[in-house]
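Chemist: First, the structure itself, so that you have it in front of you.
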Amino acid sequence: MNTKALHILEFDKICEILSQYCGSEPAKKMCGSLRPSGDAGWIETAQKQTQDAFSRILKSDRLSFGTNFDVRPMLKEATIGRPLGMGEFLKLARLLQLVADLSEYGKQTAVEEGDSLTEFFDRLEPLELLRKEIERCILSEEEMSNDASPELKRIRSSYAVIGGRIHRQLNTMVNQSLRTYLQDAVITQRDGRYCIPVRAEYKSQVPGIVHDRSDRGSTFFIEPAAIVELNNQLNELHQAEDEEVRRILAALTQKVGTEAEIIGEDQHTITRLDFIFGKAKYALALNATRPVYNTEKKVKLRGARHPLIEKSRVVPIDVSLGDAFDQLIITGPNTGGKTVSLKTVGLLCLMGQAGLHIPAKDRSELSLFDEVFADIGDEQSIEQSLSTFSSHMQSIVHILKKAGPDSLVLFDELGAGTDPTEGAALAMAILERLHGRGIRSMATTHYSELKLYALSTPGVENACCEFDVESLSPTYRLLIGVPGKSNAFAISRRLGLPEEIIEEAGKHISSEDERFEDVIGDLEARRLLLEQQQDALEEEKRALEKRVREFSEKEEKFNIQKDKILSSAREEARDLLQEAKDVADETIRAFHKQGKDMRIDTMEKKRSNVREWLSKQDEAIYRDTLKRKSSDNKSEAGAALKPSEAVPGTAVHILSMDVDGTILSAPDKDGIVQVQAGIIRSRVPLDELVKTDAAPQEKQLKKTARPLDLSRAANVSAEINVIGCTVDEAISRIDKYLDDAYLSHAEKVRIVHGKGTGALRKGIHDYLRFNHVVKHYELASHGEGDAGVTIVSFK
């Protein structure tokens, strides 16, 4: 891919932004060297890797590559046997920890059938034993653990014992026997040997070795003879310690050298993963999608957005090329978005062939181009004595020589910078040459001749960037199939140019040009009218579809309810008829049994029984009616009143009576309250009541609500000291401290845990590794606490 097109289409800026989504310097360097590929297999693999990384990020984004570094120089030194320093070992240990973390992340986000990243995660070898050995031996860049070797522990133990003996003897001299001879009651060191400051006049009174004196000669720093041998032993132990430290570092270096190949492969794999996940994070930020590639040299972009324009300002465009036409002529006024449309197509093609997702809707299509040529912008060169037109023509000549059927060619203001008649003729001839060779091309222009060329040439299509004359501003929408209008007269009129000047200018336009512009204007007006009508029809269609859905749902519910009611009514009618038949049969049998001898009072009693039974049935039917009505009201009104809400004075609706009322008393043990409904006072169950006015309670809640107190989170110290705590105590304090610091929007905090044996630091680091608010943590740099302080960065 030619570098000029990459620069003109600002692909280098895409790479620069992409590098910001990578966590390590090696991956950032990969972004800088990223270039579009012409290999279809490579593009497919790169796009699949980006897509799979995107899917894994959606499952879990808890991964960081910050401790990755170029380990090759270190491995080279280890291989030839040069001992590594403690700082280098600590960097290596953090790298190996990253290998372990990524290996675990790969397992957590894996898919059952595997994906294109599975092989990368499977390739990682954490080398846990080597990492733990380094962490066991080295505490900081300047401190090795006592447990690094038994010999080192013995030496340091002896050093502490002899040092203690020296201090005890010197303390006795300073505070008792030699106190009157001393300038100050202190113990100091000169040339690594312990001394005491003796006044010059008493120098002969203190036997020993003079190591130094003050500038004025009033004080001599003497090593008392009593501790000379002890100081000698101390120096010997110090030399032995240095020698043992060098031996341990050499042994660790040898182990690193043995595993150099695996470490190098791990670091290379991490860098590749960092780069791939950087592409996925960039795609997530852009709301980008994976393009579909075809082999017909077709470009179909849906809702394409230029990735370098802010999301709030960019206007999506739909572009097609290579299907019904292989050449697109874009016309319209300046600053209308023609050049942006051109760059969007070219840049998205480059991004896709570089394995990046593109900022467009899904199912957008691209094709593989061997070359993308672009002649965009002012190419004027003072050094080469080239005018704007000459520079553009030089670029066009190069493009015509190099472009082929598998190329994409982009021209901005083709033929501009010279006589309009000649420029239009040249532009048309150039476009005809490209069209005749089947080369996919796009060009922007102001020339009406090119609009006519597009209208009259098969395989060539007009397009324009929409412009709102009323607001004098472009909408940046790209309209395919519609030639653009310059709108020069309309814009001038809106800006206040006198009408007589505009009329005079109109006289200088040929009648053919005027008619052509009128036709374009008429087409534009018709298009806008059709769009408005189409929008209105779409709105009516959506409203109608919504009403149809609602009606269908109601009809379905009605049918279900109707079937239930009919079935229930049939069962009730059958039971009622059976019971009526039983009563009638019993009465008839009684009449038949007693016949004419039945007494009048007995017959009246039987008839009263029948009337009583009928009355009970009427009452039951009435209760069922009220119950159904109450149920319907409940479904419309909402949930029944809760006992806690049933306070005197609450406005309610009585469902069974379908009237409003006010509660007069609290509910009794059976859940019944007294309700005043007009002049009627009734005892009503709570499940028959719903509240009709929640305003009083809402006001009461507002009065009693307490504001959230964030003052505590707003005054959090930038440092917490847990020295002297156990691991559990420290983690308990740190957990609460980190929550408060995170709520106060702190970016970083310091945890002071001291060096010691390293157990407290390790426990804290194990806890931080899985804390949900921690983005990154690391030991403080030299001079700021070293291994005794951990710096924590929040997400």
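Chemist: Could you go through the stretch 401-416 and let me know if any residue there is at pLDDT below 85 and out of contact with any strand residue (DSSP E or B) (no Cβ under 6 Å at 6 or more places or on another chain). Working first, answer last.
Modeler: Applying the first criterion (at pLDDT below 85) to the stretch 401-416 yields 415-416.
This time we only want the ones that are out of contact with any strand residue (DSSP E or B) (no Cβ under 6 Å at 6 or more places or on another chain), so: 415-416.
Checked the stretch 401-416: at least one residue is at pLDDT below 85 and out of contact with any strand residue (DSSP E or B) (no Cβ under 6 Å at 6 or more places or on another chain).
Chemist: Looking only at the stretch 147-157, how many residues end up being more than 16 Å from Lys762 (Cα to Cα) and open to solvent by 30 Å² or more (accessible area, probe 1.4 Å)?
Modeler: 6
Chemist: Here is a follow-up. If a residue must be crowded, with 22+ Cβ neighbours inside 10 Å, hydrophobic (A, V, I, L, M, F, W, C) and touching a Ser or Thr at 6+ places or on another chain (Cβ under 9 Å), how many such residues does the stretch 355-368 contain?
Modeler: Of the residues in that region, 3 qualify.
Chemist: Residue check, Gly763 against (1) of a type in the set (Gly, Ala, Ser); (2) open to solvent by less than 40 Å² (accessible area, probe 1.4 Å); (3) over 12 Å from Ile734 (Cβ atoms), all met but one. Which one?
Modeler: (3)
Chemist: Quick check, is Ala718 under 32 Å from the mean Cα position of the chain (by Cα) and open to solvent by less than 60 Å² (accessible area, probe 1.4 Å)? Outline the logic, then answer.
Modeler: Numbers: under 32 Å from the mean Cα position of the chain (by Cα): yes; open to solvent by less than 60 Å² (accessible area, probe 1.4 Å): no.
Judged against the criteria, Ala718 is not a match.
Chemist: Looking at the stretch 168-199 only, could you name the residues that are within 12 Å of Asn231 (Cβ to Cβ) and surrounded by fewer than 14 Cβ atoms within 10 Å (Cβ to Cβ)?
Modeler: Gln189, Asp191, Gly192 - these are the residues of the stretch 168-199 that are within 12 Å of Asn231 (Cβ to Cβ) and surrounded by fewer than 14 Cβ atoms within 10 Å (Cβ to Cβ).
Chemist: Given the options Pro83, Pro73, name the one that is open to solvent by 50 Å² or more (accessible area, probe 1.4 Å) and free of Cβ contacts under 8 Å to residues at least 12 places away in the same chain. So that I can check it myself, show each step before the final result.
Modeler: Details: Pro83 fails: free of Cβ contacts under 8 Å to residues at least 12 places away in the same chain.
Criteria check complete, one pass: Pro73.
Chemist: Here's a check for you: in the stretch 126-143, which residue that is open to solvent by 40 Å² or more (accessible area, probe 1.4 Å) and either among the hydrophobic types (A, V, I, L, M, F, W, C) or closer than 16 Å to Ala260 by Cβ (or both) is farthest from the chain's Cα centre (by Cα)? Spell out how you get there, then give the answer.
Modeler: Narrowing the stretch 126-143 to residues open to solvent by 40 Å² or more (accessible area, probe 1.4 Å): 128-129, 132-133, 135-136, 141-143.
Filter once more, so that each one left must be either among the hydrophobic types (A, V, I, L, M, F, W, C) or closer than 16 Å to Ala260 by Cβ (or both): 129, 133.
Numbers: Leu129: 35, Glu133: 37 Å.
Going through the qualifying residues, I end up with Glu133.
Chemist: Turning to a different aspect of this structure: Consider the stretch 651-670. How many of its residues are under 10 Å from Pro685 (Cβ atoms) and surrounded by fewer than 14 Cβ atoms within 10 Å (Cβ to Cβ)?
Modeler: Count: 1.
Chemist: Continuing with this model, one more query. Which of (1) modelled with pLDDT of 85 or more; (2) open to solvent by 80 Å² or more (accessible area, probe 1.4 Å); (3) closer than 27 Å to Phe65 by Cβ is the odd one out, the single condition Ile734 does not satisfy?
Modeler: (2)
Chemist: Could you list all residues from the stretch 200-211 that are in a strand (DSSP E or B) and open to solvent by less than 60 Å² (accessible area, probe 1.4 Å)?
Modeler: Across the stretch 200-211, the qualifying residues are Gly208, His211.
Chemist: On the given criteria, is Ser568 polar (S, T, N, Q) and either open to solvent by 100 Å² or more (accessible area, probe 1.4 Å) or at pLDDT 80 or above (or both)?
Modeler: Working: polar (S, T, N, Q): yes; either open to solvent by 100 Å² or more (accessible area, probe 1.4 Å) or at pLDDT 80 or above (or both): no.
So Ser568 does not fit the description; no.
Chemist: Within the set of pairs 6 or more residues apart or between chains, which connect a residue that is hydroxyl-bearing (Ser, Thr, Tyr) inside the stretch 366-377 to a residue that is in a strand (DSSP E or B) with Cβ atoms less than 7 Å apart?
Modeler: Close Cβ pairs satisfying both conditions: Ser367/Tyr293; Ser367/Asn294; Ser367/Val299.
Chemist: Do we find a residue being open to solvent by 40 Å² or more (accessible area, probe 1.4 Å) and in contact with a Ser or Thr (Cβ under 7 Å, 6 or more places away or on another chain) anywhere in the stretch 447-455?
Modeler: No.
Chemist: Give me the pairs: first residue in the stretch 163-190 and free of Cβ contacts under 8 Å to residues at least 40 places away in the same chain, second residue open to solvent by 80 Å² or more (accessible area, probe 1.4 Å) and outside any strand (DSSP E or B), beta-carbon distance under 6 Å, and six or more apart or on different chains, which are they?
Modeler: Tyr181/Gln205
Chemist: Can you name every residue in the stretch 114-125 that is open to solvent by 70 Å² or more (accessible area, probe 1.4 Å), closer than 21 Å to Ser60 by Cα and in contact with a helix residue (DSSP H, G or I) (Cβ under 6 Å, 6 or more places away or on another chain)? Explain how you work it out, then say what you get.
Modeler: Start the filter on the stretch 114-125 by keeping residues that are open to solvent by 70 Å² or more (accessible area, probe 1.4 Å), which leaves 119, 122-123, 125.
Okay, now just the ones that are also closer than 21 Å to Ser60 by Cα, so 119, 122-123.
Result: Arg123, single match.
Chemist: Still on this structure, I have one more. Any idea which residue in the stretch 20-36 is nearest to Asn2 (Cα to Cα), counting only those that are touching a residue at least 60 places away in the same chain (Cβ under 8 Å) and open to solvent by 20 Å² or more (accessible area, probe 1.4 Å)?
Modeler: If we take residues in the stretch 20-36 being touching a residue at least 60 places away in the same chain (Cβ under 8 Å) and open to solvent by 20 Å² or more (accessible area, probe 1.4 Å), then Arg35 is nearest to Asn2 (Cα to Cα).
Chemist: If a residue must be open to solvent by less than 30 Å² (accessible area, probe 1.4 Å) and part of a loop (DSSP other than H, G, I, E, B), how many such residues does the stretch 86-113 contain?
Modeler: 1
The values are calculated or read from the model by the stated rules, or taken from the named source; none is laboratory data. Everything quoted here is computed from the prediction, not taken from an experiment. No Cβ is skipped: glycine too gets one built from the backbone with ideal geometry, and neighbour counts run over all protein chains shown. All accessible areas refer to the heavy atoms of the entire protein, side chains included, with ligands and DNA or RNA removed. Shrake-Rupley method; radii C 1.70, N 1.55, O 1.52, S 1.80 Å.
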